[in-house]
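Remarks on the structure that follows.
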Amino acid sequence: MLAQTWDLLVQRWDFFWGLLLEHMEICLVAVLIAIVFGGIAGILISEYQKAAKPTLAVVNFLYTIPSISMLGFLIPFSGVGDATAIIALTVYALLPMVRSTYTGMTNVDPAVMEAARGMGGTRMQTLVRVQLPLALPVIMSGIRNMATMTIALGGIASFIGAGGLGVAIYRGITTNNAAMTVAGSLLIAVLALVVDAILGFVEKRMRVRGAKAHRTNRRLAIGAAATCAAVALGATVPGMLAGTSDTIHVATKPMTEQYVMGEALKMLIEHDTNLKVELTEGVGGGTSNIEPAMESGQFDLYPEYTGTGWAMVLKNEGAYSEDEFDQLQAGYQNLGMSWVGMYGFGNTYGIAVRKDVAEKYNLKTYSDMARVADQLTLGAEADFFEREDGYDALCNTYGMSFGNTMQMDIGLKYDALAQGSVDAIVIFTTDGKLSTADATVLTDDKGFFPSYQCGNVVRDQVLQQHPELRGVLEKLQGTISEQDMARMNYEVEEEGKDPKTVAEEFLRSKGLI
Amino acid sequence: MSTTTTNDVAIEYRDICKCYGEKSVLEHLNLRIPRGEFVTMIGSSGSGKTTALKMVNRLIEPTSGDVLVDGRNVRDADPIQLRRNIGYAIQGSVLFPHMTVEENISYVPNLLNKHDHERTHKAVRTWMDIVGLSKDLLERYPSELSGGQQQRVGIARALAASPDILLMDEPFGAVDEITRSQLQAEISRIHRETGITVLFVTHDIGEALLLGTHMLVLDAGRVQQFGSPEEILARPATEFVRKLVARQRHTCDLAEDQLCACGHSGAARAEASLVAR
């Protein structure tokens, strides 16, 4: 495992280095904002004690909001991406900052404060010359804790499409690449430790006394400030420049096949046109976070599934079938978006039976299976037995009842099928493992499961601005079958290939690049 | 006192009362302190002496009555300007721990004139001399000084802006006996040399009698007696003052070789009890 992680780190160092820089930028900006605003708030509430309790209660409350809900709450206001991540991290960083500043300021010896007052310092002079310097050690240790915490928490930023090392962790989880997850986590830990050590050094330097030490400190501080400013600039300027209209912002959901499609889209668009593509991969929450960002214009294009769009975006009742595609397209027209370039595969629920079972009973459709279901054992995830449109509804539609059912984890289904402990399993039609499994996928002849055909959803405005884009997307029409997609998923998840490599091989095999 | 004009009065208390809720700490304090006096304020703890002191630089506001400094009601003065013209040294001196000796002493001058560094620089060295500190201590931090040195820095800091009035609140409370008598000698000398008006709070009657040109005795918020040390010693006005100075009234300054000749001396009585045994 460690060896694998090390190899991955060495091989793809550019990728990780980029993420590391992004992580540092996001955290640095959040920490700096928290220091300024948290510090000011801490000073203010130590001056106006009446405000202390309510203020601390508010930051305490904010601190207890789980990070996932915090992000979900912020997305409608600030969209997906770095800005939201920085806001969320800043909000969490405020508590330690406000509290340590307040504690530091109020714990300054009252006799010293009275001496300063009695000698005729104004409130401001007393604050700046006496109280703040004496509170600094406490504030500094607060900053140290806060910075470490922010770096660790920064891992969630990728969930909402921001950069940083969380991208590696999240991608590792969704594409079944443990080494990737470990590498991302390891780098976060190392970064946190290094920053902690640096701040520890700063703390130590601040305690050193004497004129010479002060001069050295001043030089070190100027150097550090310059470095911070450079990094912060590096974080914001490219972001502002990237906002130009010649860049297409492509988003993908956190699913293996979407990572592959995202890379393929980027390669193909940049190959065929002069447009630049900025890819935001694996946006957490999928449609529920990407779609609002499409409406607000943060994203221009993403691969979506028809059934999902029908139910979640257009909020229609009932199972979607491809006969209703025109209605779907019309519904999206009202949102200012279009479906362009249907890939030709669907990622929907399906039922697979072991080949020998299929041959023995001559099974081709769900209706065939209904005849012999009482002799079969069905394996599926717990979720399938729970949901309303799951097991019970399926049995009602086809009038079948399985001899036995078995609840099992998604990763174990295919093994159980091969070993014969179950005869049929509920699958997703592009499951990577399906491509190598000794199984037959049956036809849903009564159309019980909704159809989830994959295609690109694009903003109409972008299509008008860049008419050449439509042609590129239409090239992809019908290029990927379910078997193709399952095989590509297999290559990424089981063979550990890079999604980018898989996407490139696919495009070449189709002669698209 | 009745003959002094307002011009010669540095500090005047006019019918001062101070209450904290129900509790009264000062009742009808009336007092005029002539310019150039060294007034020691003595009383048991809770007698109101520190409260009266802090009213001069408006760290505490009276409940009723007025305090006049140089004939001017302090209510009408900007507290910041007022304080900058009044030196202030507190219990245990309380130096700023993050500043060097030089930075501590130049704290008030720096608040006053931000640009004339040369003048401040000179003033700091002059005051180091006056309070008897060696110049190689300038770069030191308070934690690197002895208790006595810290007190001296505290006095230098209070005097650095050359104020007309110096308030001292038990400044020598935390130092040993020998250092204290040195510091007492220093402050007496500084008072003589500068002619500054000093208000000096203490709970040590010996110190009060030794340093004061006038003494104010307070008990439970009331003035017991105000007068020269000689007046206090010779004619205690109340029972409280009598008890306070009882030991000093009974102390005699016989020479060492005459101690046993006086039957009332401690030495003679001890000798007598040894002989009896």
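Key figures for this structure:
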| quantity | calculated |
| --- | --- |
| GluC sites (Glu not before Pro) within the stretch B:1-71: DSSP coil, no more than 12 neighbouring Cβ in 10 Å | B:GLU22 |
| Shape call, the stretch B:151-222: gyration tensor on alpha carbons, a/c limit 1.5 | oblate |
| Euclidean distance between Cα centres, the stretch A:489-513 to the stretch A:343-375, Å | 29 |
| Pair-distance profile P(r), taking every C-alpha pair of the stretch A:387-513, with 5 angstrom steps and integer % | 2, 8, 14, 16, 17, 14, 11, 8, 6, 3, 1, 0 |
| Relative contact order (%) - criterion: Cα under 8 Å, at least six apart; region: the stretch B:30-115 | 15 |
| Cross-link partners of A:LYS510 among lysines (Cα-Cα below 18 Å; sequence separation of 8 or more within a chain) | A:LYS266, A:LYS475, A:LYS500 |
| Within chain A, percent of DSSP bridges classed antiparallel, to nearest 5 | 60 |
| Residues listed by number, the stretch A:132-155, amide nitrogen under 12 Å from A:PHE201 label point at 7 Å toward C-beta | none |
| Chain B: most fluctuating residue of B:LYS135, B:LYS54, B:LYS18 per GNM, C-alpha cutoff 10 Å | B:LYS135 |
| Segment A:PHE448-A:ASN316, length gained on full extension (0.36 nm per residue, minus Cα span) | 45.9 nm |
| Local electrostatic count at B:ILE80 - Lys and Arg +1, Asp and Glu -1, tallied over other residues with Cβ under 10 Å | +4 |
| Cβ-Cβ FRET estimate between B:ALA276 and B:SER228, R0 fixed at 35 Å, reported to 0.05 | 0.25 |
| Residues in the stretch B:57-83 that, when all protein chains are in place, have 10 Å² or more less accessible area than the chain alone would give (probe 1.4 Å) | B:LEU59, B:ILE80, B:ARG83 |
| Accessible area of the stretch A:142-282 divided out per residue, in Å², using a probe of 1.4 angstrom | 45 |
| Over chain A, relative contact order from alpha-carbon pairs under 8 Å, at least 6 apart, % | 15 |
| Accessible area per residue in Å² at 1.4 Å probe, computed on the stretch A:290-381 | 40 |
| Total accessible surface hidden between B and A, rounded to 100 Å², 1.4 Å probe | 2000 |
| Contact order relative to length of the stretch A:106-205, as percent, for alpha carbon pairs under 8 angstrom and 6 or more apart | 22 |
| Accessible surface of the protein assembly as shown [probe 1.4 Å, protein heavy atoms]: carbon and sulfur percent | 55 |
| Proportion of all alpha-carbon pairs of the stretch A:340-458 beyond 25 Å (%) | 19 |
| A:ASP356-B:ASP136 pseudo-label distance in nm [points 7 Å out on the Cα-to-Cβ vector] | 9.8 |
| Average beta carbon contacts from partner chains per residue of A:117-130, 10 Å cutoff | 6 |
| Surface per residue (accessible, 1.4 Å probe) for the stretch B:59-203, Å² | 42 |
| For chain B: lysine pairs under 21 Å (alpha-carbon distance), excluding those fewer than 8 apart on one chain | 7 |
| Inter-label distance, nm, simple model (7 Å from Cα along the C-beta direction), B:THR194/B:LYS243 | 3.7 |
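The values are calculated or read from the model by the stated rules, or taken from the named source; none is laboratory data. Please read these numbers as outputs of a predicted model, since none were measured by experiment. Backbone-built Cβ (ideal geometry, glycine too); neighbour counts: all protein chains shown. Side chains are part of the model used for accessible areas, which takes the heavy atoms of the whole protein and leaves out ligands, DNA and RNA. Shrake-Rupley method; radii C 1.70, N 1.55, O 1.52, S 1.80 Å.
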